[in-house]
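Notes for the one structure printed next.
Bear in mind these aren't lab numbers, they're just calculated from the coordinates by the rules spelled out. Everything numeric here is computed off the predicted structure, so don't read it as measured data. FYI the Cβ positions are ideal-geometry reconstructions off the backbone, even for glycines, and counts take in every protein chain you see.
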Amino acid sequence: MPRRGITRSSTQIQCKNWWKNSAMAQTEDHALQRGREAFERHAWATAFEELHTCDADGLLSAEDLERLGEAARWSRHFEQVLDALERAAAAYESGGDRRSAARVAAKLTIEYHARQSDALAAGWFARARRLLEGEPRCGERGLVLLCMAQGMFIAGDERGALRASQEMVELGRELEDRDIEALGRLVMGHARLLGGEVTEGTALIDEAMASALGGGLELWTTGQIFCSTIFACRNRGDWGRAGEWSVASLRWCERHSLSGFAGLCRFHRAEVMRLRGDLRRAERDAREAADELLGAAPRWAAWALHELGEIRRRLGDLKGAVEAFRRSAELGFDPEPGLALLRLGEGKTNAALRAISSALTDASGPVREGRWLMLPAAVEIAIAAGDAELARAAAQELEDLAESLNTAAVRAAALVAGGRVALSESRMEDAVRDLRQGAHIWLGIGVPYEAAQARELLAGAYRDVGDPDAAELALAAARASFERMGADHDVRRIAALLSGPVAQIVVRTFMFTDIVGSARLVETLGDEQWEALLAWHDRTLRACFQRRGGEEIKHEGDGFFVAFAEPDKALDCARLIQRSLSDHRRDHGFAPGVRIGIHATEATDRGGDYSGRGVHATARIAAAAGAGEIIASRAVIEAAGPGFRAFDERSLELRGLEAPVVVATIDWSTV
């Protein structure tokens, strides 16, 4: 007999298929349930894996797509965030849930802004507003207001940000929505700070932080409050509180497995570590923060890269600093004041001055709120470039901010800036007082790098008042601090000062020159023509120095500091300069107006680097001259002999000098 095969009825087959499909459905339902439960537990990696698997089978609702987008963010699947949220918004809208669609649109506005896609951010913001047209007052309206308020703050519109944030607080109270109310107080606090209402702004931000610490707020809200509070502390110079909150925020991120916020928190900690002098740890944190943020929020990664540049500049890694600043600029962040200070260190004084002057005009909210961080660099660069007006204005603004912000860091920065200006104006007693006090405050709050810088400046002031022992002690303390921090570039500079030539008192005739109205000329001519004019000016004056035996000591910006062995050589050189410029003006139609001051005096000579009260007196004499004028002290004129005609003898009261100096104008028309 033939063997019979096993046959099945159609009913049996249908039953088996039903059982199989039912088992698959149950498996898929279980995966979806596991994803939802993991989401609620903040097990972000598991939530993403389960929801992503279900999404591949097309099983996710609008709510689950939104969960998938959130889980993708917190588990660092940044490329999936936007896609999931965009599909969630579309699903909500097609299902008639306009409020939920608006909520997701507001989230996408924030996401695209962080990714520097401002056009897309504006589009999603407009969509969120449209979706809420005709809807009752709701929490989603609060998110739209948040986008408005933050945008206005970034643009520097504190009044608009204040109005929008006040509406948020009122809406949050009305709806008993603690998240919207807390976020409203947060933005309102920053708007108050931007408007100069420091006490009121600080109180509002503290109140928002109290809500976050009390629990009950959404994770995203709490993270926003943490980061924004640290930002406010930084901008007020309250580094102690900034440090405490940065540590607490990182612990909070780790507890909730929030990778996205961790980059911002790590960046803030890097800032604090830099201020505390732990430069190697700060460099590691800043580098890790930038890496974490590049995928999630390039706009904030740019800020972390700027911080990395600041740290490397202090470590003496100038090539690495330039690279970090360059990458920061490519991502849209203005790398100032760090890059300008780097250029100053390279001797590119004019480039540094242009950069810092441009940065000071930045009217955006984040920059204005933390303006005190920009002003010390402006003072330093302006002095190096010979822009006394800018230096004094920046120092005065910093002093005013120290009064209003009332924090030790801003007070120390203001004192050191004032000391720099006093040094440049030969007010040595004022310089010693301010620099010593500034260094003391910096040390008291644990900021060693800035304290060491102040001590280095203080050493120069001590030298000029005739106290070499105090100067050496201050330099040694500065070097020890730089060594502990690993600031090798600064260590080498201080070591050279300490081991330099033995100081000796000499008598020389000194000359200072500079172009009158150079800032106006730069604006009129433009950078390219100004650089060409400056190069011609430098060649012309250097040829005159060489012909009359002048020793060029320093060249900063458009000014020269020159020493001569004999007074008559200095006066003859000054006349030759003015005659050369006059001849060029006659033959070619234009030459810059140069003023010259000359003084014969004692000075401290350290291998060709001259310092002392007499040097500063010469600079002040030059500052009193006008374009095309030579002013010399009576000591120079009497020692030079009868070959020079002087007129308009008068007595000058010079800042920083107790006794006036008798000077006269030198006639150069008969050369």
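Before moving on, here are some points about what is shown:
- In this Cβ point-charge picture (+1 for Lys and Arg, -1 for Asp and Glu), the stretch 396-499 has a dipole of about 320 debye about its Cα centre.
- Gain in span if fully extended, Ala659 to Ala119, counting 0.36 nm per residue against the direct Cα distance: 188.0 nm
- Comparing the stretch 445-597 with the 2.2 N^0.38 Å rule of thumb, its C-alpha radius of gyration ratio is 1.36 (two decimals).
- The chain - share of DSSP beta bridges that are antiparallel (%, nearest 5): 90
- Shape box of the stretch 48-125 [Cα atoms, principal axes, largest first, Å]: 32, 31, 14
- Here the chain is treated with +1 on each Lys and Arg Cβ and -1 on each Asp and Glu Cβ, and its dipole about the Cα centre works out to around 1440 debye.
- In the chain, taking the dipole from charged Cβ atoms about the Cα centre, the farthest positive-side position among Gln437, Trp220, Ser426 is held by Trp220.
- Label point distance in nm, Glu556-Glu244, each placed 7 Å from Cα along Cα→Cβ: 4.0
- Between the stretch 574-639 and the stretch 446-468, the Cα center-to-center distance that results, in Å: 29
- Multiplying the residue separation of Ala210 and Asp291 by 0.36 nm and subtracting their alpha-carbon distance yields 26.1 nm.
- Phi to ³J(HN,Hα) by Karplus 6.51 cos²θ - 1.76 cosθ + 1.60 over the stretch 378-389, Hz, x for Gly, Pro: 4, 5, 4, 5, 4, 5, 4, 8, x, 8, 5, 5
- Converting phi to 3J(HN,Hα) with the Karplus coefficients 6.51, -1.76 and 1.60 and the offset θ = phi - 60°, the stretch 191-203 yields 5, 5, 4, 5, x, x, 8, 5, 4, 5, x, 4, 4 Hz in sequence order, with x at every glycine or proline.
- Per-residue ellipticity at 222 nm from helix content only, as computed over the chain with -39500 (n - 2.57) for each DSSP H run of at least four residues, stands at -23500 deg cm²/dmol.
- Each residue of the stretch 304-319 was assigned a 3J(HN,Hα) from its phi angle through the Karplus expression (A = 6.51, B = -1.76, C = 1.60, θ = phi - 60°), giving 5, 5, 4, 4, 4, x, 4, 5, 5, 4, 5, 6, x, 8, 5, 5 Hz with x at Gly and Pro.
- 16 Å Cα-Cα reach of Lys569 towards aspartates and glutamates, excluding residues that sit fewer than 8 places from it in its own chain: Glu551, Glu552, Glu638, Asp667
- For the chain, with +1 on Lys and Arg beta carbons and -1 on Asp and Glu, the positive-most of Ser328, Ala289, Phe39 along the dipole: Phe39
- Selection among Ala191, Gly151, Trp245 by position relative to the dipole of the stretch 142-269 gives Trp245 as farthest towards the positive end (Cβ unit charges, Cα centre).
- Computed about the Cα centre, the dipole magnitude for the stretch 225-328 is approximately 180 debye when only Lys and Arg (+1) and Asp and Glu (-1) carry charge, each at its Cβ.
- Cα centroid separation - the stretch 166-204 against the stretch 262-341, whole Å: 30
- Label-to-label distance for His440 and Asp362 is 3.4 nm, based on points extended 7 Å past Cα in the beta-carbon direction.
- Value in Å of the Kirkwood radius, where the stretch 225-328 supplies the Cα pairs that are averaged: 13.3
- Estimated distance in nm for a label pair at Glu602 and Val516, the labels positioned 7 Å out from Cα along Cα-to-Cβ: 3.4
- Length gained on full extension, Ser651 to Ser499: 50.7 nm, using 0.36 nm per residue less the C-alpha separation.
- Relative contact order [Cα under 8 Å, 6+ residues apart], the stretch 564-615, whole percent: 24
- The calculated FRET efficiency for the pair Leu473 and Glu429, based on their C-beta separation and a Förster distance of 22 Å, comes to about 0.75.
- FRET efficiency, Ala535 to Arg137 (Cβ-Cβ, R0 60 Å, nearest 0.05): 0.35
- Relative contact order of the chain, pairs being alpha-carbon contacts under 8 Å that are 6 or more residues apart, as %: 7
- Long-range amide H partners of Arg548 with built H, under 5 Å: none
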